[in-house]
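Here the structure comes first, spelled out in structure tokens, and everything after it is commentary.
The values are calculated or read from the model by the stated rules, or taken from the named source; none is laboratory data. These numbers come from a predicted model, not from an experiment. Note that each Cβ is placed from the backbone with ideal geometry, even for glycine, and that neighbours are counted across all protein chains shown. Only protein heavy atoms, including side chains, enter the accessible area calculation; ligands, DNA and RNA are left aside. Shrake-Rupley method; radii C 1.70, N 1.55, O 1.52, S 1.80 Å.
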Amino acid sequence: MAILDQSHDFSDSKDKKHKRRFNRKSKQISPLPDEEPVQQEAGQLLRSCREPIACEISMADSNARSGYHLSRQSQKRRNYYTTYWSKEAVTAALERGDVFRALFRVNAHNRLEAYCKIEGVPIDILISGSDAQNRAVEGDIVVIEIDPLSLWTKMKGSSGASFNASVSNDCNSAGASINCKGKGDVDVDFHEERNTYHLENGSQESVALAGNGLVNGNISCSNEHHGEVNAVQKLCALTMAFPSKRPTGKVVAIIEKSRRRNGIVGFLDLKQWVSQRKDFSEKAEAIKLSSLFSSMKYIPFAPNDSKFPKLMVPMTSLPDCIKRRLEVGDAKVGTELVAAQIVNWGEEDNAPEAHVIRVFGCGGDAEPCISAILFQNAINSSEFSSETLSCLPSVNWVIPLEEYQSRRDIRNFCIFTIDPASTTDVDDALSINWLSSGICRVGVHIADASYFVLPETALDAEAEFRSTSVYLLRRKLPMLPSLLSENLGSLNPGVERLAFSIFWDINPTGEVLDRWIGRTIMQSCCKLSYEHAQDIIDGKFDVETSATSISGLPQMHGHFQWSNVVKSVKSLYAVSKILKENRYNDGALSLANPKLDFLFNEDGSPSNFVFQGSMESKSLVEEFMLLANRTAAEVISRAYPSTALLRRHPEPDLRKLREFEAFCCKHGLNLDTSSSGRLHLSLERIRQELKDDSVLFNIILSYATKSMQMATYFCSGNSEECENNWGHYALAVPLYTHFTSPLRRYPDIVVHRTMAAAVEAEAIYLKKRNNFNVDKTRRCLTGIYFDRDAVESHEAQKALSFAAAEHNLPCTEMLTGVAAHCNERKLAGRHVNDAIVKLYTWLLLRREKVLFSKARVVGLGPKFMSIYIQKLAIERRIYYDEVEGLTAEWLDATCTLVLSLSTSKRFQRRGSPAYCRPLEEAVLIVSPHKLMPAVDSSGENCNEVGIPQIEDRDGSTSVSHVQDVETAAFPLTLRILSTISVALHAVGGDDGPHDVGARLYVSSYCR
């Protein structure tokens, strides 16, 4: 890995971050200047890589940056884009309600389509074309001006005949589709949240920022004080009055540049410099490349993310390691993954100028790709600094005597953990005791990380900066040093540990009668895996005879026997089922999408994949973690109503939900979306109706997920947050937070501190009132009864203020910044997880060459189809327009497609307007007599995962046929939800982004 920029001082950048405590609330409005990105922001991004790099930057003649083409320096200078509004003009327009502030999102399938979500407006605003986008890129916070109604475009699929995407590609607009494009993210707020599944799709995210007013023309607002409200109301009224039209607009200013500008990953595009002739020798190719290098001033940069435009890199700014290779004509430079930083995009430049700041290595190798993924998402993969490690106790640390005196001692309780077998950071433990009259006392015990991570320390600043542990399938990047996260703070069995515990007294109907909250000292008696707990639930352990059919039992510690653990697990399972039933009766929603798990060879390469199965043992843990998080949210919002860190899940995107409802209705499936509970019941009913078609149900479930918005952290005292919007839609609760994973989530540490302050304030208040033996109803903060008068009394408020100062709780403004940062880091971690899964899928397909699978058509049109691939639970597109030897007949009246082989051949040069792609790019055709029978159980003709082998992409050699994947035949007639056979293969790697390519799998004697 090459080092390019030694000018960034990481330690200095980190020290600055420690001091300023991530204050991100301030956002200055200013036009985007022609200057390099802020050094601090670039430094923050580069911290994600262990080897910060870059080159000596020499700015080329700005007159040479007026076009994409290599000869663009000879073009006459002109302005390609309009000038941004001034800061004063933007501020005044926002106050009047003439413009909106919004997050700029780009359609991955068509970069010239971008969308902006305005709070309170049910339809995204279309920003179409490079002129209207005006140099904004993915993730920028922009100011947009809405076009007059006469310029609004027709809503795709507005006829209501089909279930169309919110962002359709113009080239396929005549088609039917069920592709709800939009990022669905039902926050799976439970114990194993690291396994949250996120469906990949190529579309805009429904992430809303506060709107700041409206439009020009007929619907502008003259009242400055009510401009925003009136503007939104008028825009909503117009969209309701003209439901077939989509609002359009244009970017007039950029308020805040996206951090992604500073780390765009891709390849230097050398293809247009090197002859494409197959008979061109390497020596001649090197000579040509070397001569071109000496004569050109710019080299194109092709981003892996299709949402970003092509960049132009000045030759003089290239790092020395790349310059030397180009000078000798090394064409393999084009296969190296690099990162570039946009430094300038002026009005006169139709492409942004960028500088290469990092070289990762070959794009076809796993490790360079992982490094690039981490860099692109600004994930800190470096070791912890000595300053951070100095905040930790020694490895021989023991619990101080004063902690035994101040905490509740529960070491004699039968407490155990249930986690994935590979878990090393053990956050939570469970216990249960039976009281009289069928009442049980359930305990959730969470690692007391806040005892070690003290506010305003280097350790705290580093934990806040990282915000979350990031999981890479085979390894993790921890939020906290391993000495704390895997040893001193982890609830490992057989050792005394500090914990934060919640006990509930629960009756046989699942009602919580009483609770106790406080800091404790505990000792886990054993560490169960999910599989162990599931075996106990399934009755594979006979308590009476101590006989067991469970293999590899973990070691027991303390005076407890296996019979104690078995009884406790079974009791907890029984209680969890009651809690789960009550939760769904109260309106909760479950959207459990399929998720891939990979198996690996000894060398770390993927060997196979399986879908994660549902386990009742996971559900057991989930129920009690949900209850603990709900309890914590209640307590901290009572005690500190303006500085509670909460988590909300907004209601679904209404338009997408309505489209989803219409699709289900069209196919005879009744869907009630009036509430989360009714939606859940509808989906469960559909599950039963489709019990013989699980694939269709998975498709329905994935589109239900896509209509959901993302769950986010927020500060309760933020004036922009309405209390009516605090609830969690999927969980159907008014208050929710994260409390149960402080070793891997920073928000949980903040909540622990707030909880500790509330417990301490309550103790101070009661002591002053001389209520040492107070009745449970007098516990005004932590009990189930909330005594508002007591909490609002002078004595209680004084105690709360004292405790807040003792625990150094952040103010509202600071906590708002922490919440925003944690949201951004959590989303980045999710993007990393998705990219890693995609990478390992690609590596597996590259090794196996082809994977055959059944697929369902979920989108159909005259130029491409969208398919849901069963074996991978992903969506892909197959384009069949302008394919040599293939005829596509689209029947618009019935939304039917007929594909057939054509007898005539057309020969065009690549790059010409009438260029046709080779047939092999869209269809894998095999001759029926070359299909070999399916392999036997010995696997003689199969690879490790049973994937049939193929030698050539054109299907000229024999292939092993798969019994459950039959070839199709021409003519091929397709409709929505038709089942087809596809051949999957790895795309890109050495010269482009990794992807899974899909082709129709057809047998024919004609070719």
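Taking each residue of the stretch 915-931 that is aliphatic (A, V, I, L, M) and in a helix (DSSP H, G or I) and looking for partners that are modelled with pLDDT under 80 and open to solvent by 10 Å² or more (accessible area, probe 1.4 Å) with beta-carbon atoms closer than 8 Å, six or more apart or interchain, yields Leu919/Arg1007.
Here Lys154 does not fit the description of being among the charged types (D, E, K, R), under 17 Å from Arg655 (Cβ atoms) and modelled with pLDDT under 50.
Of everything listed in (1) open to solvent by 40 Å² or more (accessible area, probe 1.4 Å); (2) farther than 30 Å from Leu513 by Cβ; (3) at pLDDT below 95, the single unmet condition for Ser437 is (2). Contact map, the stretch 130-150: first residue not assigned by the TED database to the domain that holds Glu113, second residue open to solvent by less than 10 Å² (accessible area, probe 1.4 Å), Cβ cut-off under 6 Å, separation 6 or more or different chains; the map is empty.
For Ala447, the conditions (1) farther than 30 Å from Leu809 by Cβ; (2) open to solvent by less than 60 Å² (accessible area, probe 1.4 Å) all hold with the exception of (1). Residues of the stretch 399-411 that are open to solvent by 70 Å² or more (accessible area, probe 1.4 Å) and either within 31 Å of the chain's Cα centre (by Cα) or without any contact (Cβ under 8 Å) to a residue 60 or more places away in the chain (or both): Leu401, Glu402, Gln405. Exactly one residue out of Asp748, Asp775 is at pLDDT 95 or above and among the acidic types (Asp, Glu): that is Asp748. Just to be sure, is Val635 within 24 Å of Asp428 (Cβ to Cβ), in contact with a Cys (Cβ under 8 Å, 6 or more places away or on another chain) and either open to solvent by 20 Å² or more (accessible area, probe 1.4 Å) or assigned to a helix (DSSP H, G or I) (or both)? Criteria not met by Val635.
Which of the residues that make up the stretch 481-499 are touching a Phe, Trp or Tyr at 6+ places or on another chain (Cβ under 8 Å) and outside any helix (DSSP H, G or I)? Across the stretch 481-499, the qualifying residues are Pro481, Gly489, Pro493, Leu498. Take the residues in the stretch 892-912 that are touching a strand residue (DSSP E or B) at 6+ places or on another chain (Cβ under 7 Å) and open to solvent by 10 Å² or more (accessible area, probe 1.4 Å), then tell me which one is modelled with the highest pLDDT. My answer is Val898. Entry remark, the stretch 94-122: residues being surrounded by fewer than 23 Cβ atoms within 10 Å (Cβ to Cβ) and of a type in the set (A, V, I, L, M) number 4 in total. Select from the stretch 515-531 the residues that are more than 24 Å from Val453 (Cβ to Cβ) and open to solvent by 30 Å² or more (accessible area, probe 1.4 Å) and write down the one among them that is modelled with the lowest pLDDT. Across the stretch 515-531, the extreme among qualifying residues is Glu531. Filtered by the rule that a residue be open to solvent by 20 Å² or more (accessible area, probe 1.4 Å) and either assigned to a helix (DSSP H, G or I) or under 30 Å from Arg261 (Cα atoms) (or both), the stretch 382-397 gives Ser382, Glu383, Phe384, Ser385, Ser386, Glu387, Leu389. Residues of the stretch 722-747 that are assigned to a loop (DSSP other than H, G, I, E, B) and basic (Lys, Arg): Arg744 alone.
Being in contact (Cβ under 8 Å) with a residue 40 or more places away in the chain, assigned to a loop (DSSP other than H, G, I, E, B) and surrounded by 16 or more Cβ atoms within 10 Å (Cβ to Cβ) is a property that Pro641 lacks. Among the residues of this structure, Arg474 counts as one that is within 33 Å of the chain's Cα centre (by Cα), open to solvent by 30 Å² or more (accessible area, probe 1.4 Å) and either under 14 Å from Val453 (Cα atoms) or basic (Lys, Arg) (or both). Of all residues in the stretch 554-597, those being closer than 30 Å to Asp672 by Cα, basic (Lys, Arg) and open to solvent by 40 Å² or more (accessible area, probe 1.4 Å) number 2.
Between Glu944, Glu940, Glu951, Glu921, the distinction of being at pLDDT 85 or above, acidic (Asp, Glu) and open to solvent by 40 Å² or more (accessible area, probe 1.4 Å) belongs to Glu921 only. Looking across the stretch 349-392, the residues that are within 18 Å of the chain's Cα centre (by Cα) and among the aliphatic types (A, V, I, L, M) come down to Ile370, Ala372, Ile373, Leu374, Ala378, Ile379. Looking only at residues of the stretch 689-710 that are under 18 Å from Arg830 (Cβ atoms) and of a type in the set (A, V, I, L, M), we find that the one that is surrounded by the most Cβ atoms within 10 Å (Cβ to Cβ) is Met708. Of all the numbered requirements in (1) in the same structural domain as Arg497 (by the TED database); (2) under 18 Å from the mean Cα position of the chain (by Cα); (3) of a type in the set (Val, Ile, Thr), Thr705 misses one, and that requirement is (1).
Residue-by-condition table, conditions (1) open to solvent by 40 Å² or more (accessible area, probe 1.4 Å); (2) in a helix (DSSP H, G or I); (3) touching a residue at least 60 places away in the same chain (Cβ under 8 Å):
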site	(1), (2), (3)
Gly783	no, no, yes
Ala790	no, yes, no
Lys798	yes, yes, no
Pro810	no, no, yes
Met814	yes, yes, yes
Asn833	no, yes, yes
Val837	no, yes, yes
Trp842	no, yes, yes
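What residue, of Asp672, Asp653, is crowded, with 24+ Cβ neighbours inside 10 Å and modelled with pLDDT under 95? Only one candidate qualifies: Asp653.
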